[in-house]
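The values are calculated or read from the model by the stated rules, or taken from the named source; none is laboratory data. Not measured: the values here are computed from a predicted model. Positions of Cβ are generated from backbone atoms using ideal geometry, with glycine treated the same way; all protein chains shown enter the neighbour counts. SASA here: full protein model, heavy atoms, side chains in, ligands and nucleic acids out. Shrake-Rupley method; radii C 1.70, N 1.55, O 1.52, S 1.80 Å.
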Amino acid sequence: MSRRGDWVYENNGGTCVAIAGADYCVVAADTRLSVGYNILTRDHSKICELADKCVLASSGFQGDIKALHKNLAARELLYQHQHNKRMSCPAMAQLLSNTLYYKRFFPYYAFNVLGGLDSEGKGCVFTYDAVGSYERTGYSTQGTGSSLIMPVLDNQLKSPSPLLLPAKDAVTPLSESEAVDLVKDVFASATERDIYTGDKLEIVVINKAGMKREYIDLRKD
Amino acid sequence: MVGKNCFAIASDRRLGVQLQTVATDFQRVFKIHDKLYIGLSGLATDVQTLYQRLVFRHKLYQLREERDMKPQTFASLVSALLYEKRFGPYFCQPVIAGLGEDNEPFICTMDCIGAKELAKDFVVSGTASESLYGACESMYKPNMEPEELFETVSQALQASVDRDCLSGWGGYVLVVTPTEIQERG
């Protein structure tokens, strides 16, 4: 097997999910960090709080992810100093897209899901590819377990088609606790069948009261 | 997928060549005998050839033994047939489902060179297999009655193939109990 000497990326695995509700947003990710068939740590957070109502979950190459999160956090701080307020979620969404496309020809190996509340207090979720193409949706998942989880979210949360008129809201009518239960269920299923997903699940819930964090144990095998 | 004294086997209906859809009524689930079905995903020509070879072998077996093949035996037959072509394989992944002794449900799947994988709950194969694993894992419950099993399999199939551009154009679900066979397109 010939090995190219110039492959600079590696996939550290993991899965991220976000679900938007009428007045809340749930962002969740597992905490396993792997390389090949080895586990490096069972306790690595993939979630970054960028602003008081905006949370980013990323899976992929952790080196690029750490750099990306640091970059965005610094830009958010600059915005705070210049505008005397924190960045809103849709603004951060655009910033993330531009940051990713800036490195179009040497991309961040990061698959992102941004979740939070928009300026009206409604839940919003933005989903990205590695070079910054993004879309606001009602729910999304990225990472090694995403192909296992996405059909289940489709089945439970199916968004109305964006082609329908009048334009219907993409957020789910489920309550906050129902959405959190759904997230726990899908991660339990993904953990069974995906070797890179497991150990612990970190769930962040954003609503108008603030941000709440919860940890759930997953299978460690 | 296995239920209470019954099983369900399902497939999509699309036949395609990369982006182009060639048929929307392609049959992938075949009957071997009343209580034994095989689903084949992969290269269409191999699907049809393998099916013809297996029916041939089963008919010979019926003539010699004067009875139907047990699902476990049939699974071993498929495995042997696939391994015969170890260095020039059939590009097919079979899913076998049947009711064995005492109408006990039996399911198994194989890779294209015959490595059997028995399961107690569900087996999947095809281009949407990862999505199917996720959907089935979430929706499966042990000991489902035929009606509930039918609903579960339909929902899991629909959700998974909708996320796969190479699968779709309708589904076909078959639920088999010791007394009756229920087909829905």
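Could you check A:Lys53 against (1) open to solvent by less than 50 Å² (accessible area, probe 1.4 Å); (2) touching a strand residue (DSSP E or B) at 6+ places or on another chain (Cβ under 8 Å) and say which number it fails?
In the conditions (1) open to solvent by less than 50 Å² (accessible area, probe 1.4 Å); (2) touching a strand residue (DSSP E or B) at 6+ places or on another chain (Cβ under 8 Å), A:Lys53 misses (1) alone.
Need a quick list: helices (runs of 4 or more DSSP H) entirely within region A:47-164 having at least 2 residues that are more than 14 Å from chain B (Cβ to nearest Cβ) and touching a residue at least 24 places away in the same chain (Cβ under 8 Å).
Answer list for region A:47-164: A:62-83, A:89-102.
One residue is enough: does region A:23-32 have a residue meeting the conditions open to solvent by 10 Å² or more (accessible area, probe 1.4 Å) and either closer than 28 Å to A:Thr172 by Cα or β-branched (Val, Ile, Thr) (or both)?
The answer is yes, given that some residue of region A:23-32 is open to solvent by 10 Å² or more (accessible area, probe 1.4 Å) and either closer than 28 Å to A:Thr172 by Cα or β-branched (Val, Ile, Thr) (or both).
Which count do you get for residues in region B:133-185 that are open to solvent by less than 50 Å² (accessible area, probe 1.4 Å), part of a helix (DSSP H, G or I) and away from chain A (no Cβ under 14 Å)?
Matching residues across region B:133-185 total 3.
Evaluate region A:99-109: report whether one residue or more is open to solvent by less than 10 Å² (accessible area, probe 1.4 Å), of a type in the set (A, V, I, L, M) and touching a Ser or Thr at 6+ places or on another chain (Cβ under 8 Å).
no
So which residues in region B:123-179 are without any contact (Cβ under 8 Å) to a residue 40 or more places away in the chain, over 23 Å from B:Leu36 (Cα atoms) and among the hydroxyl-bearing types (Ser, Thr, Tyr)?
Answer for region B:123-179, where residues must be without any contact (Cβ under 8 Å) to a residue 40 or more places away in the chain, over 23 Å from B:Leu36 (Cα atoms) and among the hydroxyl-bearing types (Ser, Thr, Tyr): B:Ser131, B:Ser138, B:Ser160.
Being in a strand (DSSP E or B) and more than 30 Å from A:Pro90 (Cβ to Cβ) is the filter; apply it to region A:1-46 and report the residue that is farthest from the chain's Cα centre (by Cα).
Step by step, filter region A:1-46, then rank; the result is A:Asn38.
Can you tell me how many residues in region A:196-214 are open to solvent by 10 Å² or more (accessible area, probe 1.4 Å) and in contact with a Ser or Thr (Cβ under 8 Å, 6 or more places away or on another chain)?
2
Find the residue count for region A:199-221, including only residues that are touching a residue at least 60 places away in the same chain (Cβ under 8 Å), among the β-branched types (Val, Ile, Thr) and under 15 Å from A:Ala188 (Cβ atoms).
Total satisfying the criteria: 1.
If A:Arg219 satisfies every condition in (1) surrounded by fewer than 20 Cβ atoms within 10 Å (Cβ to Cβ); (2) in a strand (DSSP E or B) but one, which is the exception?
The one condition A:Arg219 does not meet is (2).
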